[in-house]
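The values are calculated or read from the model by the stated rules, or taken from the named source; none is laboratory data. All values derive from a computational prediction rather than experimental measurement. So basically every Cβ, Gly included, is an ideal-geometry build from the backbone, and we count neighbours across all protein chains shown.
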Amino acid sequence: MNAMTAKMRRRMPRIALLLLLMVAAVGGHRVYSRNYSQQIERVPLALDETDPERKKVGALTFLNAWELRSDNSDFGGISALAVTGKNRFLAVSDAGTLIGFTLGQSNRMEDSFIAALPGAFGKDADYRDRDSEGMTYDPASGRIWVSYEARHAIRRFSPSLGRIDGTKRLTFTKGWKANGGVEAITQLRDGRFMLFSETHQRPDGSNSAFLYSGDPVEPGSRATPFGYRAPEGYRPTDATVLPDGRVLMLNRRVGLPNGFSAKLTMFDPAEIESDGVIAPRTIATLASPLLVDNMEGLATTVDQDRIIVWMISDDNFTALQRTILMKFALDLPNKKPEAETAPGFATLTR
């Protein structure tokens, strides 16, 4: 056996695994016996197993990471993340499941629950009513908005999450693929909403996106179309808003030879123009040998004037992947550059 043949044989198991991951990224298939456990365990993980001291990733400083595990049959497939209180998280899966937990001191999540979202099951409901992909939370009202990929809709849920209190069927998605709907939704500080497609592209190659003048569920809210130009080879999977109003986007890629990678990008929504294209700035990249998986959920919090970035992965309900929760500090000024005091401004106030 020559050296080239031996090298190829060593690579075959890895290539086969990556091909399986690429298939799984489209959607996992579950075979199991039903389990209704409400417990969620966490196992600490390192950012870089080859360099345990590594902390910096672009504009991020690594703080912690955990693999989340549960025996519950519906746990996994997480596609969006929100923080609703101090260390209190909500996540939705692309199987219509709502997952809640509080990050405490023990290896077991506190006050955890795993339950179906209202409307996921029942009369006349099918899988298209469970393909929940994006989520945004309003701390003022306690309401939650969830975007659905197959039905191309937005549902608004009551603060108790006990009922749907509004639904918007999206008409601009006519002609879009069933799995090409709204992947990410976020609410801006001024009450406007932004929606992003993961796969539907405009003629210029940017991802279709829309800026709503208000709550998209409410009549009269106007949608302004624009394009989001993700980093080459990447697709947007979630969005969140910084305290200064800028938007963070999570972008995911899967491919040979290195499997999954993710890029965190940032842009100012004030730069959006009707039918224009936003080209964000990449501020961090997660790729092998760093800890990374099928990253789909993104949220931010503030801890003692420090911006905390949370990311979570979608395991596609496969044993080949993991549900990973990651915590970083964002090393950027809290204010946009244009919000800083301009030179000479003090003389105008005397």
What is the number of the single condition among (1) closer than 17 Å to Ala80 by Cα; (2) outside any strand (DSSP E or B); (3) of a type outside the set (S, T, N, Q) that Phe113 does not meet?
(2)
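Residues are listed down the side, and each one gets a yes or a no for (1) surrounded by fewer than 22 Cβ atoms within 10 Å (Cβ to Cβ); (2) closer than 22 Å to Thr301 by Cα; (3) not basic (Lys, Arg):
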{"position": "Leu195", "(1), (2), (3)": "no, yes, yes"}
{"position": "Thr199", "(1), (2), (3)": "yes, no, yes"}
{"position": "Val217", "(1), (2), (3)": "yes, no, yes"}
{"position": "Ala223", "(1), (2), (3)": "yes, no, yes"}
{"position": "Gly233", "(1), (2), (3)": "yes, no, yes"}
{"position": "Leu242", "(1), (2), (3)": "yes, yes, yes"}
{"position": "Pro257", "(1), (2), (3)": "yes, no, yes"}
{"position": "Phe260", "(1), (2), (3)": "yes, no, yes"}
{"position": "Thr265", "(1), (2), (3)": "no, yes, yes"}
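Within region 302-321, track down each residue that is surrounded by fewer than 18 Cβ atoms within 10 Å (Cβ to Cβ) and either in contact (Cβ under 8 Å) with a residue 12 or more places away in the chain or not in a strand (DSSP E or B) (or both).
The first filter runs over region 302-321 and keeps only residues surrounded by fewer than 18 Cβ atoms within 10 Å (Cβ to Cβ), leaving 302-306, 308, 319-320.
Selection gives Val302, Gln304, Asp305, Arg306, Ile308, Ala319, Leu320.
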From the list Ala65, Ala46, Ala16, exactly one residue is among the aliphatic types (A, V, I, L, M) and at pLDDT below 55. Which is it?
Ala16
Is there a residue being of a type in the set (Asp, Glu), under 27 Å from Ala46 (Cβ atoms) and in a strand (DSSP E or B) anywhere in region 288-296?
yes
Could you grab me the full set of residues in region 278-301 that are crowded, with 20+ Cβ neighbours inside 10 Å, free of Cβ contacts under 8 Å to residues at least 60 places away in the same chain and farther than 22 Å from Glu49 by Cα?
Pro280
Flagged in region 143-167 as in contact (Cβ under 8 Å) with a residue 40 or more places away in the chain and surrounded by fewer than 15 Cβ atoms within 10 Å (Cβ to Cβ), in numbering order, are Gly162, Arg163, Thr167
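Regarding Pro333, is this residue at pLDDT below 95 and not aliphatic (A, V, I, L, M)? So that I can check it myself, show each step before the final result.
Values: at pLDDT below 95: yes; not aliphatic (A, V, I, L, M): yes.
The answer is yes for Pro333.
For (1) charged (D, E, K, R); (2) out of contact with any strand residue (DSSP E or B) (no Cβ under 8 Å at 6 or more places or on another chain), each residue gets a yes or a no:
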site: Ile114; (1), (2): no, no
site: Gly122; (1), (2): no, yes
site: Asp126; (1), (2): yes, yes
site: Ile144; (1), (2): no, no
site: Gly162; (1), (2): no, yes
site: Thr167; (1), (2): no, no
site: Asp190; (1), (2): yes, yes
site: Phe193; (1), (2): no, no
site: Gln201; (1), (2): no, no
Take Ala120 and decide whether it is of a type in the set (A, V, I, L, M, F, W, C) and within 24 Å of Thr84 (Cα to Cα).
yes
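Can you spot a residue in region 260-273 that is part of a loop (DSSP other than H, G, I, E, B), under 30 Å from Leu320 (Cα atoms) and either more than 17 Å from the chain's Cα centre (by Cα) or among the acidic types (Asp, Glu) (or both)? Let's see the steps before the verdict.
Step one: filter region 260-273 for residues part of a loop (DSSP other than H, G, I, E, B), giving 268, 272-273.
After this cut, where a residue has to be under 30 Å from Leu320 (Cα atoms) as well, the list is none.
No, region 260-273 contains no residue that is part of a loop (DSSP other than H, G, I, E, B), under 30 Å from Leu320 (Cα atoms) and either more than 17 Å from the chain's Cα centre (by Cα) or among the acidic types (Asp, Glu) (or both).
Looking at region 139-182, which of the residues that are in contact with a Phe, Trp or Tyr (Cβ under 8 Å, 6 or more places away or on another chain) and part of a loop (DSSP other than H, G, I, E, B) is modelled with the lowest pLDDT?
Of everything passing the filter in region 139-182, Ala150 is modelled with the lowest pLDDT.
Tell me yes or no: at least one residue of region 115-125 is of a type in the set (Lys, Arg) and under 21 Å from the mean Cα position of the chain (by Cα). Explain how you work it out, then say what you get.
Of region 115-125, the ones of a type in the set (Lys, Arg) are 123.
From what's left, under 21 Å from the mean Cα position of the chain (by Cα): none.
Within region 115-125, not a single residue is of a type in the set (Lys, Arg) and under 21 Å from the mean Cα position of the chain (by Cα).
Tell me, which residue of region 69-85 that is without any contact (Cβ under 8 Å) to a residue 60 or more places away in the chain and within 20 Å of Thr300 (Cβ to Cβ) is surrounded by the most Cβ atoms within 10 Å (Cβ to Cβ)? I'd like the intermediate steps shown before the answer.
Taking region 69-85 first, the residues without any contact (Cβ under 8 Å) to a residue 60 or more places away in the chain are 70-74, 84-85.
Now narrow it down to the ones that are within 20 Å of Thr300 (Cβ to Cβ): 84-85.
On the way: Thr84: 16, Gly85: 10.
In this case the residue turns out to be Thr84.
Considering only residues that are β-branched (Val, Ile, Thr) and buried (at least 17 other Cβ atoms within 10 Å of the Cβ), look in region 86-110 and name the one that is farthest from Ala120 (Cα to Cα). Spell out how you get there, then give the answer.
From region 86-110, those β-branched (Val, Ile, Thr) are 92, 97, 99, 102; that's our starting set.
Keeping just the survivors that are buried (at least 17 other Cβ atoms within 10 Å of the Cβ) gives 92, 97, 99.
Numbers: Val92: 12, Thr97: 8, Ile99: 14 Å.
Top of the filtered list is Ile99.
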Test set (1) under 17 Å from Ala59 (Cβ atoms); (2) touching a strand residue (DSSP E or B) at 6+ places or on another chain (Cβ under 6 Å) - Val302 fails condition number
(2)
What are the residues in region 99-110 that are in a strand (DSSP E or B) and closer than 19 Å to Met311 by Cβ, if any?
Ile99, Gly100, Phe101, Thr102
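Return yes when Asp204 is touching a residue at least 60 places away in the same chain (Cβ under 8 Å), charged (D, E, K, R) and surrounded by 15 or more Cβ atoms within 10 Å (Cβ to Cβ) and no when it is not. Break it down into steps so the answer makes sense when it comes.
Numbers: touching a residue at least 60 places away in the same chain (Cβ under 8 Å): yes; charged (D, E, K, R): yes; surrounded by 15 or more Cβ atoms within 10 Å (Cβ to Cβ): no.
Against the criterion (touching a residue at least 60 places away in the same chain (Cβ under 8 Å), charged (D, E, K, R) and surrounded by 15 or more Cβ atoms within 10 Å (Cβ to Cβ)), Asp204 does not qualify.
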